[in-house]
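We did not get these values from a lab; they are worked out from the coordinates using the rules stated. Bear in mind that the values here come from a model prediction, so they are computed numbers and not experimental data. Here the Cβ positions follow ideal geometry from the backbone for every residue, glycine too, while neighbour counts run over all protein chains shown.
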Amino acid sequence: MKHGLKPTAKQRKRITAFGLNPDDYLVTKDTPTFFQIVHRETDEVKSWSRREKF
C-alpha cells in the first residue's frame, strides 16, 4: 500500500466535512475526480468521488 501524506489545510476541511478527525488520516490520492484517505493506525481506507459535496 502506498504511504499517505499529511493533509493540507484544504484537505483537512474536506475530511472534517465528512465528520472525521483529520489528525487521524493521511491522504493517499487527491485527483480532480477522486479523493482517498487512510487511517493512520488501522489502515482503513475511505474514498469519495469529487461529485459528492465537500
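List of remarks:
- Each residue of region 33-41 was assigned a 3J(HN,Hα) from its phi angle through the Karplus curve 6.51 cos²θ - 1.76 cosθ + 1.60 (θ = phi - 60°); the sequence is 10, 8, 9, 9, 10, 10, 6, 4, 9 Hz, with glycine and proline shown as x.
- Value of [θ]222 nm, deg cm²/dmol, for the chain, DSSP H segments ≥ 4, -39500 (n - 2.57) each, nearest 500: -4500 deg cm²/dmol
- Peptides 3-11, 33-41 ranked from most to least packed, by the mean per-residue count of other Cβ atoms within 10 Å: 33-41, 3-11.
- Straight-line reach from LYS13: taking Cα to Cα under 16 Å and skipping same-chain neighbours fewer than 8 places apart, the aspartates and glutamates in range are ASP23, ASP24, ASP30, GLU52.
- Across the chain, Cα pairs under 8 Å and at least six residues apart give a relative contact order of 28 percent.
- This ranking places ARG14, ARG50 by how few other beta-carbon atoms lie within 10 Å of each, fewest first, which gives ARG50, ARG14.
- Label selected from (i) 65, 19, 8; (ii) 27, 17, 10; (iii) 16, 13, 10, the criterion being semi-axes √(5λ) of the Cα gyration tensor in Å as computed here: (iii)
- Between TYR25 and ARG40, the built amide H atoms are under 5 Å apart, and every one of these is 5 or more places off in sequence or on another chain.
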